[in-house]
Structures are given as structure tokens and as C-alpha cells.
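Readers should treat all values here as calculations from the given coordinates under stated rules, not as data from a laboratory. Since the model is a prediction, treat every value here as computed from it, not as a measurement. Cβ atoms come from the backbone with ideal geometry, glycine included; neighbour counts cover every protein chain shown.
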Amino acid sequence: MKSIANTVKLIALVFAVISVCACNKGPWEYQTGDGVYSSPTISGEYLYVGSVDGKVYCLNAATGKKSWEFLTEDGVYSSPAVSGGNVYVGSYDDKVYCLNAATGEKVWEFVTGYDVNASPAVTGGNVYVGSADKKVYCLNAASGEKVWEFVTEGYIDSSTAVSGGYVYVGNYAGKVYCLNAATGEKVWEFATGGSVGSSPTISGGNVYVGSVDKKVYCLSAATGEKTWEFVTENYVYSSPAFADGYVYVGSIDGKVYCLNAASGEKVWEFLTGDRIESSPAITDGFVYIGSADDKVYCLNAATGEKVWEFVTENDVRSSPAVTGGYVYVGSFDGKVYRIKAAEGDTGSWPMFRYNLERTGAR
């Protein structure tokens, strides 16, 4: 009888631990209906992300529980932007959507001429976004009405960067553009040697961007003149990240590079097991990035040494978002993950893996 009583107590303790773990603000994973190329955006208590299943999801960032989903007419590769209580995102159905951030109800939609895989930038009451119809659009954030459009010479998958009254974007014709944010007039353009799917990063009066010509460029934000270029060993789709005087970027050669932002000289490189399309996130002296080897990596930003790696079940092309001690990232296994930033751990017991990690329908 004593043995039975002890067993009962143990079972009760186990279920109590499960209950606590399931309810606390710990790691989790959420299953969508297809691959997650979109990068998560955290705003307040919620995470917003798209999936190739055609849906935009709003999840509770602490628990991974779904608050709402919105179905578009095709895959959502674009990463959502959240501003003023609304979510702005593009879809492969050629549209830009504005959704109510609290309910997921559609506020407006704007139809472009082709796929919208680029991620919108929202500032000053306007939405700036590129489309595969070769155009950059400026839309009124409240109404979705077009303010202006600028026609380029190639498809646009590059996401817009807006800084100091100017819009910066790349296209598949190999060019980087600087446009007047108010009028859409071209200020300058810079020609690289290949398609520019990488999204520009603006810092300290410079534009940092990658190209299919295997190079990372530093350009003057004011004039478009080249300050330096750095040659990798393959295409650069990853978007550079700037932190503390250094530029971090991935390449299809499978490497993560740290470059001196002033000179373009290589500080270190780290080799993953496959190509990198994910863009790095830099937080508290660490670099977080995904790779097509199915892994998410945490590297020491100063040395490039690996701190940890986390294995998903497919390519990680999504770019991590890091906040509150956790890394949020999607994978082509269809899942969105919340991982401990310090440990790279999902925090669950293997025997209870499905109970504690999977908050979405299988």
C-alpha cells in the first residue's frame, strides 16, 4: 500500500510539473500548416508571423497559444510589420494586407501587379513595400490608398529600409535605390554585379547590403558612392545587421561573417553546414542566425565562437527575433519556435515533448 501511495504521489507531482511548465512563460513550438519563411515580429505580448500555408498568425509570445489567424489567397513569405494597432504584411497573392492586430480582421488590402514577398516598413503614416511587379509602393497606412509608386527594372524581394526621409531598397536587376520618402523621386541608384534580394541596413550614414555577385557593400546613404565591398564565396541573400561598429551577415557559402563596419575587413567567419538565407539578430553580445542545415546558431559576437546550436526539422530561412531572453524563429518544418536565448533549449522533458512544446494542431 505504501508503494502504491508513493506511486500516486509521484504521478501527481509529475502532472503538477507538467501543468506548471505548460502554463509558465517558457519555451514552446507552434505548428503551422506549411513552411515558415517569414520572420516573427514581436509587439507587446504577441508574436505575428506568416506561413507558406497562406496564413498570418498571431500567437501569445509567452505561451505560443494562437490568438487568431488570417487566411490570404497564397503563401505568406513576407514578415509582418506592426504599427498603430495594425499588422501590415504582403502575400504571394499579389496583395498587401492591413489587419487589426487585436482581432485579425482585415482593415484593407491593396493589390499590386505580382507577388509581394518583401516585408513592409511603416513610418510617418505610410507603408513602404516592394513587389515582384518591379515597383516600390508608398501607401497610406490608415486607408491603403496609394500615395506614390516607383518603377524599377527588376523584381523586388528586398524589403524597404526607411531612414532620414529616404527609402532604400534593392531589386533583381542588381540595383540599390534611394528614393525620396515623401515623393518617390529617385535620389540615386547603385549597380551591383548581381540580383539584390538582400534588404538594406542603414546605420551611421551608410547603407549595408548584399548581392548575388557574392559581395557585401557599404554605400554612402547620401550619395550612393561605394565606401567598401567585401567578397564572400557565394550569393548574399542575407540582410546585414549592424552592431557596435561591426556588420554581421550570412552567405549561401554557409558562412556567417563579421566585418569591420568602417573598413569592410573581415574580423571572423563561422561555417555552418549549409547555405544561409536567414539574417542575423544581434543582442547582448551574441549573434543569432538560421541555416539550411536545419539549425539555429548562437555565436559570440566578438569571436565568432559557437555558444549553442538548436536543431529543427528543416531549413531555417526565417530570421530570428530576440527579446526577453528568448529567440523566436520559424523553420521550413512548419513550426515557429521560442528558444531560450542563453541555452538554445526548448526546456521540455523528452518524454513529455509533445505535451509541453506543441501548442498548435498536428
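Has the stretch 116-123 got any residue that is surrounded by fewer than 16 Cβ atoms within 10 Å (Cβ to Cβ), over 20 Å from GLU185 (Cβ atoms) and not aliphatic (A, V, I, L, M)?
no
For the stretch 255-271, enumerate the residues that are out of contact with any Lys or Arg (no Cβ under 6 Å at 6 or more places or on another chain) and either farther than 19 Å from VAL212 by Cβ or in a loop (DSSP other than H, G, I, E, B) (or both).
CYS258, ASN260, ALA261, ALA262, SER263, GLY264, GLU265, LYS266, VAL267, TRP268, PHE270
Within the stretch 286-301, is even one residue closer than 30 Å to ASN180 by Cβ and in contact with a Phe, Trp or Tyr (Cβ under 7 Å, 6 or more places away or on another chain)?
Among the residues of the stretch 286-301, not one is closer than 30 Å to ASN180 by Cβ and in contact with a Phe, Trp or Tyr (Cβ under 7 Å, 6 or more places away or on another chain), which makes the answer no.
Quick one: count up the residues across the stretch 29-66 that are part of a loop (DSSP other than H, G, I, E, B) and of a type in the set (A, V, I, L, M).
Adding up the residues that qualify gives 4.
Being under 15 Å from GLU305 (Cα atoms) and without any contact (Cβ under 8 Å) to a residue 40 or more places away in the chain is the filter here; which residues of the stretch 255-265 pass it?
Correct list: LYS255 only.
For residues that are more than 17 Å from the chain's Cα centre (by Cα) and not in a loop (DSSP other than H, G, I, E, B), scanning just the stretch 142-161, find the one that is farthest from ALA222 (Cα to Cα).
LYS146
Is there a residue being in contact (Cβ under 8 Å) with a residue 40 or more places away in the chain, farther than 22 Å from ASN171 by Cα, out of contact with any strand residue (DSSP E or B) (no Cβ under 6 Å at 6 or more places or on another chain) and of a type outside the set (D, E, K, R) anywhere in the stretch 111-128?
The answer is yes, given that some residue of the stretch 111-128 is in contact (Cβ under 8 Å) with a residue 40 or more places away in the chain, farther than 22 Å from ASN171 by Cα, out of contact with any strand residue (DSSP E or B) (no Cβ under 6 Å at 6 or more places or on another chain) and of a type outside the set (D, E, K, R).
Could you count how many residues in the stretch 162-177 are crowded, with 24+ Cβ neighbours inside 10 Å and not in a loop (DSSP other than H, G, I, E, B)?
The qualifying residues number 5.
From the list PRO40, PRO80, which one is within 17 Å of the chain's Cα centre (by Cα) and touching a residue at least 60 places away in the same chain (Cβ under 8 Å)?
Of the residues listed, the single one that is within 17 Å of the chain's Cα centre (by Cα) and touching a residue at least 60 places away in the same chain (Cβ under 8 Å) is PRO40.
Pairs under 8 Å by beta carbon, first residue under 18 Å from TYR77 (Cα atoms) in the stretch 266-283, partner of a type in the set (Lys, Arg) and buried (at least 18 other Cβ atoms within 10 Å of the Cβ), six or more apart or different chains?
Sorted first by the residue in the stretch 266-283, then by its partner, the pairs are ILE276/LYS255; GLU277/ARG317; SER278/ARG317.
When the stretch 129-141 is examined, which residues are found to be without any contact (Cβ under 8 Å) to a residue 40 or more places away in the chain and assigned to a loop (DSSP other than H, G, I, E, B)?
If the condition is that a residue be without any contact (Cβ under 8 Å) to a residue 40 or more places away in the chain and assigned to a loop (DSSP other than H, G, I, E, B), then ALA132, ASP133, LYS134 are the ones that fit.
Please specify each residue of the stretch 224-254 satisfying the condition of being surrounded by fewer than 22 Cβ atoms within 10 Å (Cβ to Cβ), of a type outside the set (Gly, Ala, Ser) and over 16 Å from ASP213 (Cβ atoms).
Result: GLU225, THR227, PHE242, ASP244, TYR246.
Does at least one position in the stretch 101-117 carry a residue that is more than 30 Å from GLU225 (Cα to Cα), part of a strand (DSSP E or B) and of a type in the set (Asp, Glu)?
Looking through the stretch 101-117, at least one residue is more than 30 Å from GLU225 (Cα to Cα), part of a strand (DSSP E or B) and of a type in the set (Asp, Glu).
Looking at the stretch 276-303 only, could you name the residues that are crowded, with 19+ Cβ neighbours inside 10 Å and closer than 24 Å to TRP228 by Cβ?
Scanning the stretch 276-303 gives ILE276, GLU277, SER278, SER279, PRO280, ALA281, ILE282, VAL287, ILE289, LEU299, ALA301.
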